[in-house]
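Remarks on the structure that follows.
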Amino acid sequence: MRLILLGPPGAGKGTQAKRLEDLHGLKQLSTGDMLRSEIASQSELGKRVEGILASGELVSDDVMIEMIAHRVANPDCEKGFILDGFPRTVAQADALNEVLRESKQALDAVILMEVNEDELLARVAKRAEEDGTRTDGDEETAKHRMNVYKEQTAPIIPYYKDKGLLKSVNGMLSIEEVAAEIDASLNL
Ligand code: AMP
C-alpha cells in the first residue's frame, strides 16, 4: 500500500506514519526527518537547508523531488510506503506522479488530517518545548509554517480529491482515535 499523510505541521502525521509502519510493514518516508539528519551530519545539503528549516520556509522542489525519487525505489519500500511531509507543493505532487508512473506504482490513498488551527499552534509550541532538536518551534515560526502550508501545500488537497484518492480524518482526536479513523478509511 502506498499512502500520503497530509496535514499542517503538528497535525500528528509522524506519529500516525510510525504506527502504520510498525503495524503494517509500510516504510515511513519523512522528508523532515531526512533533512534533519542531513543537518545533524553537517553534509553539504544539510548546511544548505539548515537556515530554510529554521525559518519555516520550504526547501526547493528540485532538492525534495530528487530526495524522494530515489527513496521510493529502495527495496525497503517493497511492501509499500507512507509519505510523511511530501508532497508539499503541486509541483512535488506532479513529480511524484511521474516517478510512480515510471516505476509502475500507484498511490492507494491520500489521508488528510483535518485540524483546528488555534489548537494546533498550541500543540506545535508544546512539542517544540519538549523536543530541543527542532529549531523551528517558536510561536512566530509555527504561525509562519501554518501560512506556508495554507499557501503552498493546501492546493494539493483538491488535486488529490480530483483523482479520487482523498480521505479525510479528524486530526484533533486522540492518537488512538485518529489511528482508528485512518484504519477504517483504508479498510485495515
Ligand atoms: P516536517 O518535519 O515535515 O514538518 O518538515 C520540517 C521542515 O523541512 C519544513 O518546514 C520544510 O522546511 C522542510 N521540508 C520537509 N519536507 C519538505 C518538502 N516536501 N518540501 C519542502 N520542504 C520540506
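The values are calculated or read from the model by the stated rules, or taken from the named source; none is laboratory data. Here the structure is a predicted model, which means the values were calculated and not measured. Glycine gets a Cβ as well: all are built from the backbone with ideal geometry, and neighbour counts include every protein chain shown.
Take LEU58 and tell me if it is closer than 23 Å to ASN187 by Cα and at pLDDT 95 or above.
Answer is no for this residue.
Cβ contacts < 7 Å: first residue more than 12 Å from HIS144 (Cα to Cα), restricted to segment 43-55; second residue crowded, with 16+ Cβ neighbours inside 10 Å and not β-branched (Val, Ile, Thr), any location; separation 6+ or different chain. Result?
Note: pairs meeting the criteria are LEU45/GLU38; GLY46/GLU38; VAL49/LEU35; VAL49/GLU38.
Does segment 125-135 contain any residue that is surrounded by 15 or more Cβ atoms within 10 Å (Cβ to Cβ), in contact (Cβ under 8 Å) with a residue 12 or more places away in the chain and closer than 20 Å to MET1 by Cβ?
Taking every residue of segment 125-135 in turn, none turns out to be surrounded by 15 or more Cβ atoms within 10 Å (Cβ to Cβ), in contact (Cβ under 8 Å) with a residue 12 or more places away in the chain and closer than 20 Å to MET1 by Cβ.
Picking from GLU129, GLU114, which residue would you name as being acidic (Asp, Glu) and either within 14 Å of the ligand (Cβ to nearest atom) or closer than 19 Å to MET172 by Cα (or both)?
On the way: GLU129 fails: either within 14 Å of the ligand (Cβ to nearest atom) or closer than 19 Å to MET172 by Cα (or both).
Just one listed residue meets the conditions, GLU114.
Among the numbered criteria (1) assigned to a loop (DSSP other than H, G, I, E, B); (2) surrounded by fewer than 15 Cβ atoms within 10 Å (Cβ to Cβ), which single criterion is violated by ALA180?
Here ALA180 meets the rest and fails (1).
Just for segment 52-92: of the residues that are surrounded by fewer than 20 Cβ atoms within 10 Å (Cβ to Cβ) and of a type in the set (Gly, Ala, Ser), which one is farthest from the ligand (Cβ to nearest atom)?
Taking the candidates together, the pick is GLY80.
Does VAL110 satisfy the criteria of being touching a residue at least 60 places away in the same chain (Cβ under 8 Å), surrounded by 19 or more Cβ atoms within 10 Å (Cβ to Cβ) and in contact with a Phe, Trp or Tyr (Cβ under 8 Å, 6 or more places away or on another chain)? Reasoning before the result, please.
Details: touching a residue at least 60 places away in the same chain (Cβ under 8 Å): yes; surrounded by 19 or more Cβ atoms within 10 Å (Cβ to Cβ): yes; in contact with a Phe, Trp or Tyr (Cβ under 8 Å, 6 or more places away or on another chain): yes.
Taking the combined requirement at face value, the residue satisfies it.
Have a look at SER103, SER30 and point out the one that is in contact with a strand residue (DSSP E or B) (Cβ under 9 Å, 6 or more places away or on another chain) and among the polar types (S, T, N, Q).
SER30
Name the pairs whose Cβ atoms lie under 9 Å apart, with the first residue in segment 139-155 and basic (Lys, Arg), the second surrounded by fewer than 19 Cβ atoms within 10 Å (Cβ to Cβ) and at pLDDT 95 or above, and 6 or more positions between them or separate chains?
Short answer, once both residue conditions are applied: ARG145/GLU57.
Are any residues in segment 34-51 away from the ligand (no atom under 12 Å from the Cβ), assigned to a helix (DSSP H, G or I) and of a type in the set (Gly, Ala, Ser), and if so, which ones?
Within segment 34-51, ALA40 is the sole residue that qualifies.
From GLN28, GLN16, grab the single residue that is of a type in the set (S, T, N, Q), in a strand (DSSP E or B), modelled with pLDDT of 95 or more and within 15 Å of the ligand (Cβ to nearest atom).
Numbers: GLN16 fails: in a strand (DSSP E or B).
So the residue among GLN28, GLN16 that is of a type in the set (S, T, N, Q), in a strand (DSSP E or B), modelled with pLDDT of 95 or more and within 15 Å of the ligand (Cβ to nearest atom) is GLN28.
Can you pull out the residues in segment 4-18 that are of a type outside the set (Gly, Ala, Ser) and within 9 Å of ASP84 (Cβ to Cβ)?
ILE4, LEU5, LYS13, GLN16, LYS18
Take VAL99 and decide whether it is more than 10 Å from the ligand (Cβ to nearest atom), surrounded by fewer than 20 Cβ atoms within 10 Å (Cβ to Cβ) and of a type outside the set (Ser, Thr, Tyr).
yes
Applying the selection to segment 141-184, what residues are among the polar types (S, T, N, Q) and under 15 Å from LYS13 (Cβ atoms)?
Listed by number, the residues that qualify are THR153, SER168, ASN170.
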